[in-house]
Amino acid sequence: MELDILKKAGLTESQAKGYLALINIGPLTPAELADKTNESRTNGYAIADKLVSLGLARKVNQTKATIEAENPTKLRSFINSRQQQLKSVNDELTGILPTMLSKFRLTSDQPGVINIEGVEALKLVYDEIIAAKQDVLIFPSPYDRDNPEISSLIDEQIARQRKAGVKSLALVRDVVFDDMKKYEDGLLLVKKLPIGVSFDAQIMVFGNIVVSTVFRHGIVSTIITSPETAATLRSVFFTIWNAC
């Protein structure tokens, strides 16, 4: 049980066994540590050095390189440090994910859910709409025009979709219907949502993809690749569309 928990905390099996050996037996040389963990002598030194570098052990005899375990409460410091490292890596991954996804292609039909922040994520989705060349169903957000940059991006996307021959159907609120209606043509069709019905997030459906984007507290897009989810949202859309 102790071994499994230490592994969940982030230690390798050999590191966890080494730390438990120090706890249960006391100070050990790398050779003794290797013997107690069924590792090679070389790995015994590697385990000892790693436990010291992680703050879970300390050297007590420089000549023999003997080490002893630090207080088990140090495990919490180790976990906190690991969480901070993971957060840093996650922040870095968020920065490169849009580029990686654009190379992978959202429309590869790999099922899953992805959350991406920022304008670049929205640009990625818009690029995929053009690449997919499939009809797009849209529930606009009442907040998608609050940001001038996003408003301009939406206008650019409308023009791009027209040029690419991508048909868009949008269910819009009564207050913006007249403004949207003037852009209507064979590639853009709009209808009014029923009075009192509104969606805080912008929802777009194309192919097997559903994208929900919120704008009020930063831009966050949730991209769902799922034939079943897309079919469900498409059915909801047309149920409202046909009733308008």
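The values are calculated or read from the model by the stated rules, or taken from the named source; none is laboratory data. Since the model is a prediction, treat every value here as computed from it, not as a measurement. Don't worry about glycine lacking a Cβ; one is built from the backbone with ideal geometry, like all the others, and counts go over all protein chains shown.
Pairs meeting the criteria (first residue in segment 73-93 and modelled with pLDDT of 85 or more and among the β-branched types (Val, Ile, Thr), second residue surrounded by 10 or more Cβ atoms within 10 Å (Cβ to Cβ) and not in a helix (DSSP H, G or I), beta carbons under 9 Å, at least 6 apart or on different chains) are Ile79/Gly10. Scanning segment 135-152 for residues that are crowded, with 16+ Cβ neighbours inside 10 Å and of a type outside the set (Asp, Glu) gives Val136, Leu137, Ile138, Phe139, Pro140, Ser141, Pro142, Tyr143, Arg145, Ile150. Quick check, is Leu11 surrounded by 13 or more Cβ atoms within 10 Å (Cβ to Cβ) and in a loop (DSSP other than H, G, I, E, B)? It is true that Leu11 is surrounded by 13 or more Cβ atoms within 10 Å (Cβ to Cβ) and in a loop (DSSP other than H, G, I, E, B).
Can you tell me which residue in segment 14-43 is nearest to the chain's Cα centre (by Cα), limited to those that are of a type in the set (Ser, Thr, Tyr) and part of a helix (DSSP H, G or I)? Write out each step before concluding.
Filtering segment 14-43 for residues of a type in the set (Ser, Thr, Tyr) gives 14, 19, 29, 37, 40, 42.
This time we only want the ones that are part of a helix (DSSP H, G or I), so: 14, 19, 37, 42.
Working: Ser14: 31, Tyr19: 34, Thr37: 38, Thr42: 39 Å.
Across segment 14-43, the extreme among qualifying residues is Ser14.
Which of (1) out of contact with any strand residue (DSSP E or B) (no Cβ under 6 Å at 6 or more places or on another chain); (2) under 17 Å from His217 (Cβ atoms) is the odd one out, the single condition Glu120 does not satisfy? Condition (2) is where Glu120 drops out. If you go through segment 51-74 and keep only what is under 17 Å from Leu3 (Cα atoms) and part of a helix (DSSP H, G or I), you end up with Leu51, Lys74. Among the residues of segment 169-179, some residue qualifies, meaning at least one is surrounded by 19 or more Cβ atoms within 10 Å (Cβ to Cβ) and in contact (Cβ under 8 Å) with a residue 40 or more places away in the chain.
Any idea which residue in segment 103-133 is modelled with the lowest pLDDT, counting only those that are part of a helix (DSSP H, G or I) and among the β-branched types (Val, Ile, Thr)? So the residue we want is Thr107.
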